[in-house]
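This report refers to the structure that appears directly beneath it.
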Amino acid sequence: MRVAFFVTCLADQFFAEAAADAVRLLRSLDIEVVFPRGQTCCGQPAYNAGHWDAARKMALHTQQVFEGYDYVVLPSGSCTTMVRAYTPGLFAGDKPHYTAALDLAERTYELSEFLVKVLNVEDLGDGLRGLKVAYHHGCHVSRELGIKSEPVGLLEAAGAEIVPWQADNECCGFGGVFSVKNVPVSLAMADHKLDTLPEVDVLTSADGACLMHMGGHAKKRGLDIKVRHLASLLWEARNG
Amino acid sequence: MAKGYKAAAREMLASQPEVRASVTKATLHFHANRERAYGEVDAESWRDWAATVKRHLLSRLDHYLLLAEEKLSGNGVEVHWAENAADAQQILSRLVKRHDVKKVVKGKSMLSEELEVNSLLQRLGVEVFETDLGEYIIQLAEEPPSHIVGPAIHKSLDDIRALFAKRLGTARDASPEELAAAARRVLREAFLSADMGISGGNFVVAESGTLVLVENEGNIRLTTSAPRVHVALVGIEKLLPRTRDLEVFLQLLARAATGQKLGIFTSLISGPRRPDESDGPEVMHVIFVDNGRSSVLADDEMQEALSCIRCGACLNACPVYRQTGGHAYGQVYSGPIGIVLTPGLKDPALAAELGYACSLCTACADVCPVRIPLPKQILAWRRRAAESGAGGPLEKWLFDGYANIVSKPRFYRMSAKMLRAFKGLTSAPWLPVIGAWASGHGGLEPSPKSFHQIWEEELANE
């Protein structure tokens, strides 16, 4: 089985090792992973900010880059949601590109979802034995795509203990432009997440941006909270 | 109102951090109750059905409004039409004069906030009492409501103790029961001596001309029955086609708002006192108010927002609302529904700031009892704001520039190298975007190598 890996711009720059772990993990499951070098950004930042002409331009580029691959896998929940749930709407009234957007949407998966739903993998190994984990459900991936049990199930199967967290499905306050347009509110939201966080070894999520937001703010506050991307933990589950 | 959301929210978090605590506690409580209450029934089907009824109503609004007028008139209710707030104020002023009104008791009504009824009545020399306990509290505090259902949601018990001690002379350590009793003493007297009761309207059943009011305190029942004149202020979108629609709407409203099965009091009012009845007002008026609703109805992307039944569930679900409460929005309606409705009702230019008072978490869409696509509509306001250049030339330049870089892979990879070469700039406080980010997170910390580089150097050859 051949998979095109869509690293996403944010993971490319800020979670590059985790993205590499995703590739290693897929390869260890006998998946042929290709990396179309022309790939860049799905367009979500511009889409969420209301700059839809710019978003369309990026979405078109993404469509072209990933044309023809059976599966496109992303180590990012919100970028997956952009491709699957939002991009087609950008091409309302433009049938060829709308159809192409739907076609790409059908082939696109978030990493943990791909493992569980397409590869039918439920148990990667027990490399996370005894690790106490807080799992942050990114808003888009959990609400728009309903992906919640897949990442949590894989972590638990690997021996991790998912510690109950009352705010696990609440927005961390990142929200793309929101985090720079309304800084104090965005940080107050991160505070609520951090202040309710239970004692854990690691805070993880399928969304790097949320981790950057919570992790960066925790560091600024002097809190000792270890943040790791889901892709790295899943690779450790198999390889650790 | 002069200050935008951004500045108001910043100031509120800095100067009144206790508001965040009160609002967070109360909304999480409401939110959990709603979740439990939805879980007890087939809420998904109820929501589908309620959404369909409201969409149907909106598609035939002219028909149902005329039907409602005919039925209300037949029930002996005088019906008035107000195109805007000024019209409504004029009608109300005439009624005050005509019925020689000196004292008014009011039931909770967000529309009356839109119309600024209290300040109008004060100008007319009329004494006004808000009779919902929460509304009474904020009337004493001289503040606008902070939440559609819980107007005093931003006040802690201690805030209310201090306020009542000052205004009503209660003890500094009065219990909640003692505070409620003090309000009750004032309000009972007002109910018995008021000339006019002003209410809102949760629903008006078009086929029967019935005004429906839902509450928990009994104050609305007194407001609409004790004084000799009753005036109901009703937004033109608040109709329901049939009496039997109430079965779902009354239950859904209560479950969505507070997690109750039903409001404690539901009043179905079909006109003024009849000759054989011992209670009720001598005269009853319904003022149907447009005040911008027709323009929302004419807006394809926004009209579903007129399905709103004012339950407040979207406010309770909203993590952004939770940080400040409603005052930061500077408008009558706050939270997700406020962001969507306000620019349509008042001025599209308001979307430039309000549209971004949202992290797009989409929690509101999950809870709305009438399935208003709030996140989609908020995004549509953003799109319109961006198209009109409301974000400023710098923002447009940044996004256009980013789109240009991103659609040329070589430029993209080059800028990834620059991100690492000029690491000092990743925390520069003077840079737009980066500076704002660094203030709360420290500088950006790119991975030592980009994934593209890792792929080239290691993964491609494995």
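Here, each number is a calculation from the coordinates, and none is a lab measurement. All values reported here derive from a predicted model rather than from experimental measurement. When we count neighbours, we look across all protein chains shown, and the Cβ atoms used for this are built from the backbone with ideal geometry, even at glycine.
Under the Kirkwood approximation applied to all pairs of distinct alpha-carbon atoms, what is the hydrodynamic radius of region B:367-419 in Å? Spell out each step's value before the answer.
On the way: mean 1/r = 0.0738 Å⁻¹.
Its Kirkwood hydrodynamic radius stands at 13.6 Å.
Can you give the convex hull volume per residue for the Cα atoms of the protein assembly as shown, as a whole number of Å³?
Looking at the protein assembly as shown, the number lands at 160 Å³ per residue.
Calculate the tail of P(r) for chain A: the fraction of all Cα-Cα distances greater than 34 Å, expressed in %.
Across chain A, Cα pairs with separations above 34 Å total 13 percent.
Output needed: percent of Cα pairs per 5 Å distance bin for region A:132-239, bins running from 0 to the one holding the longest distance.
Histogram of Cα-Cα distances, whole percents per bin: 2, 12, 25, 26, 19, 10, 4, 1, 0.
What pairs in B:K3/B:K376; B:K106/B:K155; A:K219/B:K423; B:K155/B:K261; A:K132/B:K423; A:K148/A:K219 have C-alpha atoms more than 23 Å from each other?
Violating the 23 Å Cα-Cα cut-off are B:K3/B:K376; B:K155/B:K261; A:K132/B:K423; A:K148/A:K219.
Is the shape of region B:295-387 rounded, prolate or oblate, going by the alpha carbon gyration tensor and its root eigenvalues a ≥ b ≥ c, with a/c under 1.5 for rounded and a/b larger than b/c for prolate?
Values: a/c = 1.43, a/b = 1.15, b/c = 1.25.
Here region B:295-387 falls in the rounded category.
Of A:P184, A:P96, A:P198, which has the largest mean-square fluctuation in a 10 Å C-alpha GNM of chain A?
Largest GNM mean-square fluctuation: A:P96.
Would you be so kind as to identify which of B:A43, B:I137, B:G169 lies farthest towards the positive end of the dipole of region B:41-291, taking Lys and Arg as +1 and Asp and Glu as -1 on Cβ and the Cα centre as origin?
Checked the options; the winner is B:G169.
What are the radius of gyration and Dmax of region B:42-141, computed over its Cα atoms and given in Å?
Here Rg and the maximum Cα pair distance are 17.5, 50 Å.
Tell me whether region B:332-431 comes out rounded, prolate or oblate; compute the Cα gyration tensor, take square roots of the eigenvalues as a ≥ b ≥ c, and use a/c under 1.5 as the rounded threshold.
prolate
Under the rule a/c < 1.5 gives rounded, and otherwise a/b versus b/c splits prolate from oblate, where does region B:41-291 land using the Cα gyration tensor?
oblate
Which whole-number value in Å³ per residue fits the convex hull of the alpha carbons of chain B? Intermediate results must be reported in sequence, preceding the final value.
On the way: hull volume 85.4 nm³, N = 462.
Hull volume over Cα atoms, normalised by residue count, gives 185 Å³.
Could you bin all the Cα-Cα distances of region B:392-461 into 10 Å bins starting at 0 and give me the percent of pairs in each, rounded to whole numbers?
18, 39, 34, 8, 1
Quick one: Karplus J couplings for region B:440-452, per residue in order, coefficients 6.51, -1.76, 1.60, θ = phi - 60°, nearest Hz, x for Gly and Pro?
Coupling constants for region B:440-452: x, 10, x, x, 5, 10, x, 4, x, 10, 6, 5, 3 Hz.
In µm²/s, what is D for region B:181-229 at 37 °C and 0.692 mPa s, where D = kT/(6 pi eta Rh) by Stokes-Einstein and Rh is the Kirkwood radius from Cα pairs?
The Stokes-Einstein estimate is 276 µm²/s.
Suppose we take every Cα in region A:2-118 and form the convex hull; what volume per residue is that in Å³?
Enclosed volume per residue, from the Cα hull, is 91 Å³.
From the backbone phi of region B:194-204, what are the Karplus-calculated ³J(HN,Hα) couplings (6.51 cos²θ - 1.76 cosθ + 1.60, θ = phi - 60°) in whole Hz, Gly and Pro given as x?
Result, ordered by residue: 6, 8, 9, x, 10, 10, x, x, 6, 8, 10 Hz.
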